[in-house]
Amino acid sequence: IDQIGDIGIYGGMGLNSYTTSFQSLPGFPCCSPNYESGDGLGMNFGFLANYNIDRDLQIGLKIGYSDLSALISQDEEGIFDNNLGTKSNGLIRHDLDVSLPSITFEPTLSTRIIENLNGFIGIGFNYLLSGDIEQKETLIRPNDVTFENGKATRNEVSGSITNLTSILPLVSLGASYDLPLDNNNDMFLSPNISYTHRFGNVVPDVEWTVSTLNLGVQLKYNLKEKPVSKEPEPVVPIE
């Protein structure tokens, strides 16, 4: 029985990594030094379908949800005025907690490396649904003074990014291993690992890119051609 391809679902957890270079975002003024990076965990899940070009080559499509959220933090050391009218050496942490949900559309090309082990490349895009930020500055040390507002935190602002980029093109590289779940090879569980790099900035004219290292699993059902039943040849009577 020839295998046409497979359909299924996938899910996983991604380590999102931000590469940034900005002092503040539009609509979120602050006095931080240059933000340089961020990281965080986000879930992803969705549907997949693959078509067998031949025994060792598949084309496919993944459509699903990806959480690209992360925390951008930057420490600032220096001397600042405290609320007693004197100066102190201190450490201030500037945080941007970013919520970045998205829809993934990713055509893929897979090839067999060895039996049950496949490598794949995906080229597609993330469509960003929204971008919400919670910003604050926290006085880490000294712990016996406060900011001018009498608290250890200040500039606490939350809101949505109004000029969010809609589409981030992506390229993924990864590998998966098929584990059969039955004797007929109808169902497979496929652990996988992949790395995704996205092109373009989350906010226009602000250096801010997103990449993800993902660990996940796929549950796939094989689609097979039905065997063609041959009709018995008519019996020719012997005269």
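Here SER17 meets each of (1) within 21 Å of PRO169 (Cβ to Cβ); (2) buried (at least 20 other Cβ atoms within 10 Å of the Cβ); (3) of a type in the set (Gly, Ala, Ser) with one exception, condition (2).
Restricting attention to the stretch 48-80 and to residues that are among the hydroxyl-bearing types (Ser, Thr, Tyr) and open to solvent by less than 30 Å² (accessible area, probe 1.4 Å), the residue that is farthest from THR104 (Cα to Cα) turns out to be SER69. Against the definition (open to solvent by 20 Å² or more (accessible area, probe 1.4 Å), assigned to a loop (DSSP other than H, G, I, E, B) and modelled with pLDDT under 90), how does ASN83 come out, yes or no? Against the criterion (open to solvent by 20 Å² or more (accessible area, probe 1.4 Å), assigned to a loop (DSSP other than H, G, I, E, B) and modelled with pLDDT under 90), ASN83 qualifies. Considering only residues that are in a loop (DSSP other than H, G, I, E, B), in contact (Cβ under 8 Å) with a residue 40 or more places away in the chain and open to solvent by 40 Å² or more (accessible area, probe 1.4 Å), which ones fall in the stretch 193-212? The one that is in a loop (DSSP other than H, G, I, E, B), in contact (Cβ under 8 Å) with a residue 40 or more places away in the chain and open to solvent by 40 Å² or more (accessible area, probe 1.4 Å): PRO204.
Can you name the residue in the stretch 107-129 that is part of a loop (DSSP other than H, G, I, E, B) and at negative phi and, of all such residues, is surrounded by the fewest Cβ atoms within 10 Å (Cβ to Cβ)? Among residues in the stretch 107-129 that are part of a loop (DSSP other than H, G, I, E, B) and at negative phi, the one surrounded by the fewest Cβ atoms within 10 Å (Cβ to Cβ) is GLU115. Across the stretch 32-80, the number of residues qualifying as among the hydroxyl-bearing types (Ser, Thr, Tyr), part of a strand (DSSP E or B) and within 19 Å of the chain's Cα centre (by Cα) comes to 3. Among the residues of the stretch 165-177, none qualifies, meaning not one is polar (S, T, N, Q), farther than 30 Å from PHE120 by Cβ and not in a loop (DSSP other than H, G, I, E, B). For the stretch 133-155, residues that are of a type in the set (Asp, Glu) and in a strand (DSSP E or B) total 2.
Taken over the stretch 139-154, the residue count meeting the criterion of being surrounded by fewer than 17 Cβ atoms within 10 Å (Cβ to Cβ) and either in contact (Cβ under 8 Å) with a residue 24 or more places away in the chain or within 23 Å of THR196 (Cα to Cα) (or both) is 7.
The values are calculated or read from the model by the stated rules, or taken from the named source; none is laboratory data. These numbers come from a predicted model, not from an experiment. As a convention, Cβ positions derive from the backbone with ideal geometry for all residues, glycine included, and neighbour counts pool all protein chains shown. Accessible surface areas use protein heavy atoms only, side chains included; no ligands, DNA or RNA. Shrake-Rupley method; radii C 1.70, N 1.55, O 1.52, S 1.80 Å.
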